[in-house]
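The values are calculated or read from the model by the stated rules, or taken from the named source; none is laboratory data. Please read all numbers here as calculations on a predicted model, not as lab measurements. Cβ: placed from backbone, ideal geometry, glycine included. Neighbour counts: every protein chain shown.
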Amino acid sequence: MAGGALVVTVDDWPKLEAVAQQILCWVGAANQPAVEVQHSPGGNKFAIRVPEANFGGGALNLKRGGANLVAGYVAGSVVVVDAANGQALSRDANSCPATTNQPTTTGTPPVVLNVGGNPRTVTLNYANTGGNGTVNIYWGDGTSSLAQAESGAINHTYPDVGSWKIRIEDVTSTTDFATFAIKI
């Protein structure tokens, strides 16, 4: 186990948060101090490095239904994974609920319907596949859509351009949530 590691790269800070939470839950509290976050000089790229000796037990999936990043890992190797799509599930690093219960967005990021117009409307496709009931959607601009159907598509209008962090939360368990950053 000398020198091997898993390195997960992301292209901005909001994506780093979701990926880091997932990795910190996977490695467990005792191994968290060994996890390193690195920033590329002069750029926006971030990397999370987990030494092989500190790998967590079981699979590491950044999103529900995603590939296990450590499946077939060969001792001593360095695996580099680009998670730049930002589709990682977020978890509360203190409680680390099972990923099977977390809501997720499906397909591509929200579609901007009236590009160049003001205000700007997006359509969010989402599914709470492991949940039971309804979800709350927090749009990141101080507004929310509460008690929405378990899955579906919903429109939201932003007042202006900006970067927004959308949170989809299972109503019955607020620690089961997915986040996702968009820029309009």
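Quick check, is TYR158 under 25 Å from LEU24 (Cα atoms) and at pLDDT 80 or above?
Judged against the criteria, TYR158 is not a match.
Find the strands (runs of 3 or more DSSP E) located wholly in the stretch 36-148 whose residues include 2 or more that are modelled with pLDDT of 60 or more and buried (at least 18 other Cβ atoms within 10 Å of the Cβ), and list them.
In the stretch 36-148, 46-51, 120-127, 135-138 are the strands (runs of 3 or more DSSP E) which contain 2 or more residues that are modelled with pLDDT of 60 or more and buried (at least 18 other Cβ atoms within 10 Å of the Cβ).
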